[in-house]
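The values are calculated or read from the model by the stated rules, or taken from the named source; none is laboratory data. Quick caveat: nothing in here was measured; it's all calculated off a predicted structure. Cβ: placed from backbone, ideal geometry, glycine included. Neighbour counts: every protein chain shown. What goes into the accessible areas is simple: the full protein's heavy atoms, side chains included, and nothing from ligands, DNA or RNA. Shrake-Rupley method; radii C 1.70, N 1.55, O 1.52, S 1.80 Å.
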Amino acid sequence: MSDHSVSLSRWLIEQQRTHGQIPGPLRLLIEQVARACKRISHAVTRGASSGVLGSLETENVQGEVQKKLDVIANDVLLEANEWGGHLAAIASEELERIHPIPHRFPRGEYLLLYDPLDGSSNIDVNVTIGTIFSVLHLDEGVEQVQARHFLQPGRCQVAAGYCTYGPQTTLVLSLGQGVCAFTLDPEQGSFVLTQENLRIPAATQEFAVNMSNMRHWAPPVRRYIDECLAGSEGPRGKDFNMRWIGSMVADVHRVLQRGGVFMYPWDRREPDRAGKLRLMYEANPMAMLVEQAGGMAVAGATRILDIQPTELHQRASVMLGSRDEIERLRLYHLEAQAGAPA
Ligand code: P6P
């Protein structure tokens with residue numbers, strides 16, 4: 001770490017002290033999450049050399065086969081965050097029920113939600129994966145924290161972020177005043193501020209979606225992608241490029257770095273399910289980050305951060321990224337709702 005570099009700890013203290021932006025307990029919470037991410041990064045990087053790859057015989061609440069690293073990451077985050085005195089309870093993609101802070105520890109005013117290791121299908125093939133987290137405030141006067149206390153719209157988040165475990169380990173964070181990125185300095189073992197005030201370009205020529213689901217999409221999504229595929233000869237008058245890493249953290253990180261569209265829309269394979277991705281600890285934190293960086297995040301015609309949750313592990317349709325493109329998608333959904341011809 002060079003002399004002029006700013007560590008995550010120093011940046012957080014400055015946000016607390018000089019900008020009055022975050023209370024001490026929230027600063028401590030973010031530092032604990034970052035410390036856990038460093039430990040997860042170490043486990044991911046060691047991979048096969050330490051026998052942490054592969055799957056277990058168990059399934060998570062989503063009915064998905066659990067990878068060894070899914071459970072390791074979840075345990076690391078639980079252990080790092082339950083004793084600090086800044087949390088009232090934790091919710092995890094890997095836990096069916098909420099994890100109230102044990103009585104032997106002091107209880108705080110924040111609720112932490114996370115997907116401990118997003119992109120699990122990529123773990124065994126050495127592709128970037130990551131941790132996604134969201135922080136909510138617990139209502140005043142709550143004695144017994146229950147799942148219903150987590151069911152707040154995404155606009156209520158006080159912090160959101162993710163950590164990528166790829167060529168670099170990078171923590172991307174918003175406290176509601178823009179988006180910053182911190183890169184792990186492996187020699188020092190500390191996160192160093194590497195980007196401030198990330199901004200997503202409003203225009204783009206790049207989209208990310210799993211094209212194998214195309215025949216199952218709703219008409220507005222099909223219309224948008226067909227127009228992108230028609231390229232310069234089509235109504236958009238320009239060619240588009242496509243990416244799909246199959247790891248939300250990696251695809252969204254690219255959108256935050258250079259713009260683009262990331263989509264996992266509703267499709268008719270499971271019509272009663274809003275989408276594949278989870279609202280509380282995937283869509284909401286990513287939507288906060290994207291909006292804080294000047295982009296947009298919708299579930300069709302609805303702003304993701306305005307969705308009122310009804311279940312802890314509910315899913316959402318997700319379209320996020322460069323504002324001009326997401327606004328076009330939103331209008332296509334509104335036109336379809338109004339019955340206008342495509
Ligand atoms: P598919 C990973 O399992 C994940 O939840 C997201 O990280 C990723 O964007 C998506 O699912 C990939 O889904 O259907 O393309 O494998």
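Taking the helices alone, the chain has a mean residue ellipticity at 222 nm of -9000 deg cm²/dmol, built from -39,500 (n - 2.57) per DSSP H run of at least 4 residues and averaged over all its residues.
Computed from the C-beta positions of Asp226 and Arg155, the FRET efficiency with R₀ = 35 Å rounds to 0.60.
Rounded to 0.05, the FRET efficiency of the Ala202 and Ser55 pair, given R0 = 51 Å and the Cβ-Cβ distance, is 0.80. Each Cα pair of the range 125-184 feeds into the Kirkwood radius, which the Stokes-Einstein equation turns, at 10 °C and 1.306 mPa s, into a diffusion coefficient of 118 µm²/s. Can you tally the net charge around Leu312? Count Lys and Arg as +1, Asp and Glu as -1, for every other residue whose Cβ sits under 12 Å from the Cβ of Leu312. Result for the neighbourhood of Leu312: +1. In order along the range 89-102, the phi-based Karplus estimate (6.51 cos²θ - 1.76 cosθ + 1.60, θ = phi - 60°) of 3J(HN,Hα) comes to 6, 10, 10, 9, 4, 8, 10, 4, 10, 5, 10, x, 5, x Hz; Gly and Pro are listed as x. Whose amide H sits under 5 Å from the amide H of Leu277, counting only residues 5 or more places off or on another chain, with H placed in the peptide plane? So Leu277 has HN proximity to Ala316. To the nearest 10, the accessible area of Asp139 is 90 Å² with a 1.4 Å probe. The candidates His253, His42, arranged from most to least accessible area with a 1.4 Å probe in the full protein assembly, appear as His42, His253. Compute a Gaussian network model of the chain, connecting alpha carbons closer than 10 Å, and tell me which residue from Gly321, Gly166, Gly259 fluctuates the most. Between Gly321, Gly166, Gly259, it is Gly166 that shows the largest mean-square fluctuation. Neighbours of Arg269, meaning other residues whose beta-carbon lies under 15 angstrom from its beta-carbon, give a summed charge of +3 when Lys and Arg score +1 and Asp and Glu score -1. When cysteine pairs in the chain are screened for C-beta atoms closer than 4.7 angstrom, the residues that find no partner are Cys156, Cys180, Cys228. One equal scatterer on each Cα of the chain, no solvent, Debye formula: the resulting log10 I(q)/I(0) at q = 0.07, 0.14 Å⁻¹ is -0.28, -1.14. Distant-in-sequence amide contacts of Ser190, defined by a placed amide H-H separation under 5 Å and a gap of 5 or more residues or a different chain, comprise Asp185. Residues whose amide H falls under 5 Å from that of Ile129, counting only those 5 or more places apart or on a different chain, are Tyr165, with hydrogens built in the peptide plane.
Length gained on full extension, Arg148 to Thr45: 33.4 nm, using 0.36 nm per residue less the C-alpha separation. Taking all protein chains together and rolling a 1.4 Å probe, Met296 ends up with roughly 20 Å² accessible. Accessible surface of Arg273, taken over heavy atoms with a 1.4 Å probe and every protein chain present, rounds to 80 Å². Sequentially through the range 153-162, phi angles give Karplus couplings (6.51, -1.76, 1.60; θ = phi - 60°) of x, x, 5, 7, 4, 9, 7, 8, x, 8 Hz, Gly and Pro residues having no value and appearing as x.
What shape does the range 12-95 have by the C-alpha gyration tensor, where a ≥ b ≥ c are the square roots of the eigenvalues, rounded means a/c under 1.5, and otherwise prolate means a/b greater than b/c and oblate the rest? Note, shape of the range 12-95 comes out prolate.
The slack between Gln188 and Asn126, meaning 0.36 nm per residue of separation minus the straight C-alpha distance, is 19.9 nm. Maximal additional length on extending the Met211-Lys68 stretch stands at 48.6 nm, based on 0.36 nm per residue less the C-alpha distance.
State log₁₀ I(q)/I(0) for the range 20-60 at q = 0.22, 0.25, 0.34 Å⁻¹ as given by the Debye formula over alpha-carbon point scatterers of equal weight, solvent excluded. Log10 I(q)/I(0), no solvent term: -0.77, -0.84, -1.01.
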